[in-house]
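Q: Sharing a structure with you now.
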Amino acid sequence: MKERQNTLALSIDGKPYRVPVGISVAAALSLCGGDHCRLSISRQPRAPFCGMGVCQECRVTINGLRRLACQTLCQSGMRIERSDDE
C-alpha cells in the first residue's frame with residue numbers, strides 16, 4: 001500500500017502508468033521505457049537535451065496543451081501524448 005502512496009497514475013500515449021510523486025514528465029517518459037518526446041521533421045526521435053527548457057526538444061501535449069516535459073511536474077490523471085507532427 002505504501003508504494004501507491006508514493007506514486008501517481010497517469011497515461012502516456014493512452015497507456016496507463018504509475019510514476020513516483022515529484023518527478024518531471026521528461027523523467028516519467030524515460031522511466032516508462034521511451035525517453036523520446038517527439039519526432040523531428042525527418043521522423044527522428046527527439047529527447048530532452050538541456051533539462052531546463054531552453055532547447056525545446058521535450059515538447060509534448062499534456063491534457064491537450066503543449067508543454068515542456070522537463071519543466072512540468074507529473075500530476076495524477078495527467079494525459080501525456082508524444083507529438084509525431086513536428
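Q: Dipole of the chain (Lys/Arg Cβ +1, Asp/Glu Cβ -1, origin at the Cα centre): which of 53, 10, 31 lies farthest to the positive side?
A: Among 53, 10, 31, the one farthest towards the positive end of the dipole of the chain is 10.
Q: In square angstrom, what is the accessible area per residue of the chain with a 1.4 angstrom probe?
A: Solvent-accessible surface per residue comes out at 63 Å².
Q: Could you tell me the calculated FRET efficiency between residue 73 and residue 44, based on Cβ-Cβ distance and R0 = 30 angstrom, to the nearest 0.05?
A: The value I calculate is 0.65.
Q: Let me ask another. Ignoring ligands, DNA and RNA, what percent of the accessible area of the chain is carbon or sulfur (1.4 Å)?
A: 51
Q: Same structure, new question: Please report the relative contact order for the chain, taking Cα pairs under 8 Å with a sequence separation of at least 6, and give it as a percent rounded to a whole number.
A: RCO, the chain: 34 percent.
Q: Roughly how big is the stretch 43-86's charge dipole about its Cα centre, with Cβ charges of +1 (Lys, Arg) and -1 (Asp, Glu), in debye to the nearest 20?
A: It works out to roughly 60 debye.
Q: Also, quick follow-up: Please work out which option in (i) 0.94; (ii) 0.97; (iii) 1.40 gives Rg/Rh (Cα atoms, Kirkwood Rh) calculated from these coordinates, and answer with its label.
A: Given (i) 0.94; (ii) 0.97; (iii) 1.40, the structure-derived one carries the label (ii).
Q: So, one more: How many angstrom lie between the Cα centre of the stretch 61-83 and the Cα centre of the stretch 1-56?
A: Distance between centres, Cα-based: 8 Å.
The values are calculated or read from the model by the stated rules, or taken from the named source; none is laboratory data. Owing to the predicted nature of the structure, the values given are computational and were not obtained by experimental measurement. Cβ: placed from backbone, ideal geometry, glycine included. Neighbour counts: every protein chain shown. Just the protein is used for accessible areas: all its heavy atoms, side chains included, with ligands, DNA and RNA removed. Shrake-Rupley method; radii C 1.70, N 1.55, O 1.52, S 1.80 Å.
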